[in-house]
Structures are given as structure tokens and as C-alpha cells.
Amino acid sequence: MLQSVSRKVGPGRLGNSVRIGANIFENDIWRKISTSSRKHTVMPAWVIDRYGNNSMLRFTKDYLFPIIHYPNEVMIKVHAVSLNPIDISMRNGYGATALKMKRDPLNMKAAGSEFPLILGRDVSGVIMETGLNVSHFKPGDEVWAAVPPWKAGTLAEFVVASANEVAHKPKALSHRQAAALPYVALTVWSALVNTGGLKKDNCRGKRVLILGGSGGIGTFAIQLLKAWGAHVTTTCAENSFSFLKDLGADHVIDYKAQNVEKQLNDLEMFDFILDNVGGHTEDWALNLLKPWSGATYVTLVTPFMLNTDRLGVADGVVRSGITFGSKVLKHLSKGIHYRWALFAPSGPSLDEVTELVDEGKIRSVVEKVFPFLEVPKAFLKLEGGHARGKTVIDRSGE
Ligand SMILES: NC(=O)c1ccc[n+]([C@@H]2O[C@H](COP(=O)([O-])OP(=O)(O)OC[C@H]3O[C@@H](n4cnc5c(N)ncnc54)[C@H](OP(=O)(O)O)[C@@H]3O)[C@@H](O)[C@H]2O)c1
């Protein structure tokens, strides 16, 4: 297993000092770097200066070059990025209250302000520089990662991430194919494995329903569950039937049909539901699960961030806890496990996905590719909905 080999990347925070040893690709030697040697160096990036609609996206050639602040960090030269619904939501200000609390002051350009803010979570690229405690990566390695939302994003020439968040890219994929996977793969991993308790050796024959199969999350979840031997039913628009069957779905159901609930009710009951749709699905979908058999419902659509935005962090967390707790108890009384899941950055989990991709069990589903200078068009494409896989931004032409 790749992840257990030598991920020697301890936290190693150096207080407020930004001086730290780093292994630099161009020189290929260990040496000390300091902010002063970098302070006039800039890079191209897409930023927002305040929250709002797509017109907030601004291209700059003068974004301050990022710095490795901690010995467990790596700097990645970005080759490709993919967009996720969270990029649209963050552009609009979603999660700003909670994320601001998690942001590292060393990465804030102006005191206390997250702006100018770089969006983009997914990256496929090449290691340029490593912190002194990093032994798992070296300059020149091809890697992929999903950078958490409280850090500077990937829509730039370079991004700094913790080595724990990074993994070696699957050899079978180009950068543009690889960039389509990390955020959705890690969200699905968090939902199915960390939250739902599914894994390679307990999935065989399990009946799983994926509500919303045709987007980034759904297309990855179908493939992972099929690779692990589950029986997968999914809902999607009728024009995605053949697309999702081709990815391995055993049964597809048109969510726009009048009788979708009846169609699902007529099927054998399920062991597990992954809900990527949310809203009113909770009113009926839990009835499709086998009661008193350990069946689990995991939703990715939670009110957590909306509550913290609306009520502040403390009250938002309390409100979310009450809502979650009451739902857990309500469904437990009917013999069903009810859970919420969130994206969780993880290099080791990406290592496992790398293996599955290189074994040919999971493929990248790229719907459309945009050049770096057309990032706003890529946002508009995603915002238009009806995703059939992922929207990718390719920097190779830069
Ligand atoms: N909790 C977390 O940390 C987390 C992380 C990632 C994503 N998410 C959430 O998970 C959801 C899916 O994300 P994604 O990246 O897959 O989004 P996406 O790529 O935009 O895909 C959404 C897909 O759902 C389909 N769809 C829309 N309404 C549907 C319905 N009622 N039933 C079935 N399918 C429907 C859409 O196609 P059509 O409209 O053509 O049917 C589209 O293919 C989003 O709500 C996102 O916010 C949560």
C-alpha cells in the first residue's frame, strides 16, 4: 500500500517564521529560502476581490508567488484544474464565515481578509519544491490533490498544499484527466468509506442506490462501488441512461418520471443510499432502505455551512448538531443509520484511488475542457447545470 511507505510529513509548524528549508526543483539542492527572496516574484492567477456572480472573477498576472511556510508542505506547478459546485458556491460567499476561521493568517494577503481569493480545489501537476520534512515526494514528481476550501485555490500557476493532501498521480491519466477526480473521489471516499463504513471487502452483493448519478460525484461513486462488487442503482435524466450504464450502473431510473418513487419502491430494498441531490429526497428515500439490517443513508447535501453563514459559527454549529442529532434518532428508531458527509482532503485515500485507476477499474469522466484564460466560461458551464462528468481547465497551453 502506497500510503504506508514513507509519508513522513509531520506537522512541524515553525511558529510565525516563514523561513524554512525547501528542496527546490530548479536547483535540485537543499537550501534555505526566505520571503525576502520571493517577495517580488509574481504568478498568473484567477482571483475574486469580493463575493458575487461570475463577473467577480478577475485574471491577474501579479499574484504574489506562494511560499512554503511549513516543513510538511509542497509546492505544485499546476497543469490542470477541474471545477466543482463548491467553486460556484464559494464565489458566491458560501461557507465564508466558517472558512475564514480556518484560514491561515500567513496566507492572507491583507490582515484579516481572505481577498484576493483564488478559487479551485482540484489540481494535477508537478512538484516544484518540498518542505524539509517531506520525503514521500521529490521535485519533478507528477501529483494530484484536492486542496481544502480554507486554503488558497488551484486556479493559478502554483499552489502550496500539505504533503498529506497530495498523492502521486495515476500513470494512466494525463493531467487534464487526473484533475477531474480528486475532489469528487475524496468526497465519495469520505461518504462511503469514512462515514458509511463501506470498503473493498464488504461491498460485494450490497444493493446501493445513488441519487444523482450523472455529475462528478455520481460518475465516480458508480465506478468505485462497481469496482468493489456492489449492485448499483442510480437516478439521472433519461439522456444519461447509456452513459451511466457504460460506467457500470446496473439499473438506471429517470428522476423526472412521474412515478420515480414508485419505480424505486417496486425494487428490492437497498442496503445503502448515497444522496447527492438533497432537498425533498429525504422525505421518501429512507423508506427504500432495509430496516434493522445496518442499512445506511449518507447525504452530501447538508445545511452545515448555510447555518454557519446565517447564524455565525457557534450558533450554526449548534443548530446543525441539533438538526443532525434529531434526524439520527428519528431514523434509528426505524432501524436506519442516517449520516451527513463532507469532503475530506487525504493523500492516502488518493493513493488508493490511484491504484484503482492504474488497474483500469476507474476512469476519469471529462465532459468539457477550457483553456486557463477562459476560466469564467468554465464557471458558466458548470453553473448551467446538467453536468455529465467534469469541467476541466487545462494550463498546458500557457
Ligand atoms: N458535502 C460535501 O462536502 C460535498 C462535496 C462535493 C459535492 N457535494 C454536493 O453533491 C452534489 C453533487 O455534486 P457534483 O459535483 O456531482 O455536481 P455536478 O457535477 O454539478 O452534478 C450534478 C448532477 O446531478 C444531476 N441532477 C440534478 N438534479 C437531479 C435529481 N433531482 N436527481 C438526479 N440527478 C439530478 C445533474 O444533471 P441533470 O440536471 O441534467 O439531471 C448533474 O448531472 C452537489 O449538491 C454538491 O454541492 C457535497
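Computed over the chain, the per-residue total of -39500 (n - 2.57) for DSSP H runs of n ≥ 4 gives a 222 nm mean residue ellipticity of -7500 deg cm²/dmol, rounded to 500. When only alpha carbons are used to place a centre, region 209-252 and region 268-334 end up 21 Å from one another.
Please work out the C-alpha center-to-center distance from region 357-398 to region 55-132 and express it in whole Å. That distance is 19 Å.
Mind ordering 200-210, 324-334 by average Cβ neighbours within 10 Å, highest first?
200-210, 324-334
If the chain linking D49 and N107 were pulled fully straight, counting 0.36 nm for each residue of separation and taking away their Cα-Cα distance, it would gain 19.4 nm. Only Lys, Arg, Asp and Glu carry charge here, each on its Cβ (+1 for the first two, -1 for the last two); on that basis the chain has a dipole of about 720 debye about its Cα centre. Panel values: the chain, Kirkwood radius from alpha carbon pairs, Stokes-Einstein at 4 °C and 1.567 mPa s, translational diffusion coefficient 59 µm²/s. The residues of region 55-193 have, on average, 30 Å² of accessible surface per residue, using a 1.4 Å probe with all protein chains present. Taking label points 7 Å from Cα along the Cα-to-Cβ direction, L373 and S174 give a separation of 2.0 nm.
In the chain, the portion of solvent-accessible area held by carbon and sulfur atoms comes to 54 percent [1.4 Å probe, whole percent, DNA, RNA and ligands not counted]. Scanning the chain for long hydrophobic helices, with DSSP H runs required to stretch 20 angstrom or more by C-alpha along their axis and to average at least -0.5 on the Kyte-Doolittle scale, returns 313-332.
When the pairs K100/K151; K77/K100; K206/K290; K200/K226; K100/K138 are compared against a 21 Å limit on Cα-Cα distance, K77/K100; K100/K138 fall above it.
Relative contact order of the chain: 18 percent, from C-alpha pairs under 8 Å at least 6 residues apart in sequence. Each of V353, T391, S293 was placed along the dipole of region 244-398 (beta-carbon charges, centred on the mean Cα), and the one lying farthest toward the positive end is S293.
The values are calculated or read from the model by the stated rules, or taken from the named source; none is laboratory data. Quick caveat, the model's predicted, so the values are computed rather than measured. All Cβ positions, even for glycine, are placed from backbone atoms using ideal geometry, and neighbour counts span all protein chains on display. All accessible areas refer to the heavy atoms of the entire protein, side chains included, with ligands and DNA or RNA removed. Shrake-Rupley method; radii C 1.70, N 1.55, O 1.52, S 1.80 Å.
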